[in-house]
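Some notes on the structure that comes next.
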Amino acid sequence: MPAPITLQVNGREATVTAEPDTPLLYILRNDLELNGAKFGCGLGQCGACTVLVEGQPVPSCVTELQAVVGRPVTTLEGLGTPDNLHKLQRAFIAEQAAQCGYCIGGMIMEAKALLDRNAEPTDPEIREALSAHLCRCGTHNRIVAAVQRAVKEG
């Protein structure tokens with residue numbers, strides 16, 4: 001029987017009972033009901049499941065639960081609330097950067113990490129930061145425009 005494991009997610013403690021090698025994505029979605037991170041490829045190559053661990057973007061589908069114990073995890077749900085959206089969330093809405101929306105959670109989390117380390121990234125820096133994220137809808141230009149809007153918002 002797996003032992004209880006306590007995590008720090010979105011500023012709160014959460015205790016789950018799971019095997020230590022369980023993918024973080026499964027815990028977030030199934031146990032904690034945080035659905036911003038999506039299952040895409042399951043190989044850490046598409047970016048749909050990106051969350052922040054200690055402020056760094058990681059693919060939660062290949063990050064084991066044991067790797068985040070004692071380290072703060074931030075998901076899309078931890079950025080803002082429906083009544084008080086984070087500036088990136090507002091910018092993605094304003095720029096209509098999502099069509100299906102499947103990749104957007106990961107894109108926003110990657111953009112958050114970028115803006116945390118570089119408050120005024122250039123277009124090439126934004127494109128480079130988001131280059132590993134796959135969007136099949138083709139809204140790439142609107143996604144970049146959303147990050148630019150968030151930069152201007154400060």
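The values are calculated or read from the model by the stated rules, or taken from the named source; none is laboratory data. For clarity, every value in this text was computed on a predicted model and none was experimentally measured. With ideal geometry, Cβ positions are generated from the backbone for all residues, glycine too; neighbour counts draw on all protein chains shown.
Remarks
- Any pair with Cβ under 6 angstrom, 6 or more apart, that starts in the stretch 17-43 at a residue that is more than 18 Å from residue 70 (Cβ to Cβ) and ends at one that is in a helix (DSSP H, G or I) and charged (D, E, K, R): 34/77; 35/29; 36/77
- Residue in the stretch 133-150 that is touching a Pro at 6+ places or on another chain (Cβ under 9 Å), of a type in the set (A, V, I, L, M, F, W, C) and without any contact (Cβ under 8 Å) to a residue 40 or more places away in the chain present: no
- For the stretch 25-38, a residue qualifies if it is in a loop (DSSP other than H, G, I, E, B) and under 12 Å from the mean Cα position of the chain (by Cα), and the qualifying residues are 34, 35, 36, 37, 38.
- Check on residue 22, surrounded by 13 or more Cβ atoms within 10 Å (Cβ to Cβ), of a type in the set (S, T, N, Q) and touching a Leu at 6+ places or on another chain (Cβ under 7 Å): yes
- Only listed residue being buried (at least 21 other Cβ atoms within 10 Å of the Cβ) and within 21 Å of residue 127 (Cβ to Cβ), chosen from 91, 113: 91
- Among the candidates 105, 80, the residue that is free of Cβ contacts under 8 Å to residues at least 12 places away in the same chain and in contact with a helix residue (DSSP H, G or I) (Cβ under 6 Å, 6 or more places away or on another chain) is uniquely 80.
- Checking 48, 129, 97 one by one, the residue that is touching a helix residue (DSSP H, G or I) at 6+ places or on another chain (Cβ under 7 Å) and modelled with pLDDT under 95 is 97 and no other.
- The set of residues in the stretch 1-20 being farther than 17 Å from residue 35 by Cα and assigned to a loop (DSSP other than H, G, I, E, B) consists of 1, 2, 3, 18, 19, 20.
- Hey, residue 97 in contact (Cβ under 8 Å) with a residue 12 or more places away in the chain, buried (at least 22 other Cβ atoms within 10 Å of the Cβ), over 27 Å from residue 11 (Cα atoms) and touching a Lys or Arg at 6+ places or on another chain (Cβ under 7 Å) or not: yes
- Residue check, residue 52 touching a Ser or Thr at 6+ places or on another chain (Cβ under 6 Å) and closer than 14 Å to residue 67 by Cβ: yes
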